[in-house]
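**Q** Dropping a structure here in structure tokens format, bear with me for questions.
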Amino acid sequence: MNPAAPSYDDIRKILDAHRPPPLPADLRTRAAVALILCASRSGLELLFIERAKHVGDPWSGDLGFPGGKVEADDGDERLAAERETREEIGLDLGEARYLGRLAEITGAHLPVRVACFVYGLAEHPPLRLSDEVRSAFRVPLETLCDPNRHIEATVSFGGTTLVRPAIRVLEPGQTVLWGLTYRLVIRFLCLVGCR
């Protein structure tokens, strides 16, 4: 499948058919993120954020999707993803088209479980970045599917240097996409047929 080809209807049907079972309840911290697709003339783009650098934040400076910890008054993970998106980038997903969700994943280095909800935007509304976010940018689906951008990268986590699979979404020498968000992106790419 051409990576620019899937429509929001195609993706909704794929995610409806996917319907992963939830992970069993455990003591991991629950978190939720929003995978936000934006339609453009050249095809679909995914919205990413670069987190601001904050001491004590394990994801400080990393690339990811808007989202964060599920709070007791959120009600459920999807509402948490929508709240975090509003807080972090000023985007109200109530105006977006909800397309479905990916299977939950668990952290490799931290006791966290992450639910990922997929949305489609018809236009590109202005964003208001909070102090948690250094920048926000869109990456074409075609770029994410390019095998030349899939690399092994040296990254740092918790003071430890690791070599991990990653995608070079920015210019060489800049932060790469790796970790939890990388795993979610790979799942999404596999579902839409470009991996």
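Read the figures in this text as sums done on the coordinates, not as results from a lab. Not measured: the values here are computed from a predicted model. Because the Cβ atoms are built from the backbone with ideal geometry, glycine has one as well, and the counts that use them run over all protein chains shown.
**Q** Picking from 52, 80, 32, which is most flexible by a Gaussian network model of the chain using Cα springs under 10 Å?
**A** Among 52, 80, 32, the largest mean-square fluctuation in the Gaussian network model of the chain belongs to 52.
**Q** May I pose another question? When a/c is below 1.5 the answer is rounded, else prolate if a/b is larger than b/c, else oblate, so apply that to region 18-133 with a ≥ b ≥ c taken from the square roots of the Cα gyration tensor eigenvalues.
**A** Taking the square roots of the gyration eigenvalues as a ≥ b ≥ c, region 18-133 is oblate.
**Q** Quick one: 139, 55, fewest Cβ neighbours within 10 Å first, how do they rank?
**A** 55, 139
**Q** Assign one of three labels to the chain, namely rounded, prolate or oblate, based on the Cα gyration tensor with a ≥ b ≥ c the square roots of its eigenvalues; rounded applies when a/c is under 1.5, prolate when it is not and a/b is larger than b/c, and oblate otherwise.
**A** Since a/c stays below 1.5, the shape of the chain is classed as rounded.
**Q** Return the calculated 222 nm mean residue ellipticity for the chain, to the nearest 500 deg cm²/dmol, obtained by summing -39500 (n - 2.57) across DSSP H runs with n ≥ 4 and dividing by the residue count.
**A** Value at 222 nm, helices only: -6500 deg cm²/dmol.
**Q** Quick one: net charge around residue 89, please, counting Lys, Arg +1 and Asp, Glu -1 for every other residue with C-beta under 14 Å from its C-beta. Before the final figure, lay out the partial values.
**A** Numbers: positive: 51, 83, 86, 128, 134, 138; negative: 50, 82, 84, 87, 88, 92, 95, 131, 132.
After counting each charged neighbour, the total is -3.
**Q** Under a Cβ-only charge scheme (Lys and Arg +1, Asp and Glu -1), can you give me the dipole magnitude of region 19-139 about the Cα centre, in debye to the nearest 20?
**A** Here region 19-139 has a charge dipole of around 380 debye.
**Q** What is the fewest-to-most order of 77, 50 by other Cβ atoms lying within 10 Å of their Cβ?
**A** Final ranking by Cβ density, sparse to dense: 50, 77.
**Q** Let me have the relative contact order for the chain, percent, based on Cα pairs under 8 Å that are six or more residues apart. Don't skip to the answer; put the middle values down first.
**A** Numbers: 385 pairs, mean separation 50.5, N = 195.
Taking the mean separation of contacting Cα pairs over the length of the chain, I get 26 percent.
**Q** Here is a further query. Of all beta bridges DSSP finds with both residues in the chain, what is the antiparallel percent, to the nearest 5? Walk me through the intermediate numbers first.
**A** Values: 34 of 44 bridges.
DSSP beta bridges in the chain are roughly 75 percent antiparallel.
**Q** Now for a separate question. Measuring from centroid to centroid over Cα atoms, what is the spacing of region 89-128 and region 135-159 in Å?
**A** 18
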